[in-house]
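Structure, as structure tokens:
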Amino acid sequence: MRHLESMRPFGIPLEVEAAEIGKGYSAATSGPAYLAARAALETAWGSEPVWVATGGSIPLVSALGEAVPDAEILLFGTTDGFADIHAPNERVLLDEFEKAVLAEAEFLRRFAGAASQTGDATP
């Protein structure tokens, strides 16, 4: 809150109230699920993926991380910088949606293949 207040431009009103916060989550990104995801995303979009840290404040993500600490948690989304997610005018580009569906299917194929090679449900 102090940071926001210190960054307030001159003359712009700002009111900040403390509210309940959730636990953050930081994923390990070097396991077999992430390797399969990288390859699947590259296949779907035709270029190497760019990784950004988002979704770590979603309460379900930290709850899953606590419940199953060894699980790799990945979130596949269909947004770009102008999607306005959770806003009244939220939108998803059909091309983004199609590529995300392809990426998820390719991820499942690759991850299942890795599991079958190791004989383990968690490659």
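Quick notes on this one:
- Of the residues examined, Leu102 is not one that is over 17 Å from Ala28 (Cβ atoms) and open to solvent by less than 80 Å² (accessible area, probe 1.4 Å).
- Complete set of residues in the stretch 1-37 that are within 16 Å of the chain's Cα centre (by Cα) and open to solvent by 70 Å² or more (accessible area, probe 1.4 Å): Lys23, Ser26, Ala28, Ser30, Leu35
For (1) farther than 16 Å from Leu108 by Cα; (2) modelled with pLDDT of 85 or more; (3) in a loop (DSSP other than H, G, I, E, B); (4) polar (S, T, N, Q), each residue gets a yes or a no:
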{"site": "Pro13", "(1), (2), (3), (4)": "yes, yes, yes, no"}
{"site": "Glu20", "(1), (2), (3), (4)": "yes, no, yes, no"}
{"site": "Gly24", "(1), (2), (3), (4)": "yes, no, yes, no"}
{"site": "Leu35", "(1), (2), (3), (4)": "no, yes, no, no"}
{"site": "Ala39", "(1), (2), (3), (4)": "no, yes, no, no"}
{"site": "Pro49", "(1), (2), (3), (4)": "yes, yes, yes, no"}
{"site": "Ser57", "(1), (2), (3), (4)": "yes, no, yes, yes"}
{"site": "Glu72", "(1), (2), (3), (4)": "no, yes, yes, no"}
{"site": "Phe76", "(1), (2), (3), (4)": "no, no, yes, no"}
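- Scanning the stretch 107-122 for residues that are among the charged types (D, E, K, R) and under 25 Å from Tyr25 (Cβ atoms), we see that the one that is most open to solvent (accessible area, probe 1.4 Å) is Arg110.
Rundown of residues vs (1) over 21 Å from Gly31 (Cα atoms); (2) over 17 Å from the mean Cα position of the chain (by Cα); (3) open to solvent by less than 80 Å² (accessible area, probe 1.4 Å), yes/no style:
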{"residue": "Pro49", "(1), (2), (3)": "no, no, yes"}
{"residue": "Leu60", "(1), (2), (3)": "no, no, no"}
{"residue": "Gly65", "(1), (2), (3)": "no, no, yes"}
{"residue": "Ile85", "(1), (2), (3)": "yes, no, no"}
{"residue": "Glu90", "(1), (2), (3)": "yes, yes, no"}
{"residue": "Glu96", "(1), (2), (3)": "yes, no, yes"}
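The values are calculated or read from the model by the stated rules, or taken from the named source; none is laboratory data. All figures in this text were calculated on a predicted structure; none of them were measured in a lab. With ideal geometry, Cβ positions are generated from the backbone for all residues, glycine too; neighbour counts draw on all protein chains shown. Only protein heavy atoms, including side chains, enter the accessible area calculation; ligands, DNA and RNA are left aside. Shrake-Rupley method; radii C 1.70, N 1.55, O 1.52, S 1.80 Å.
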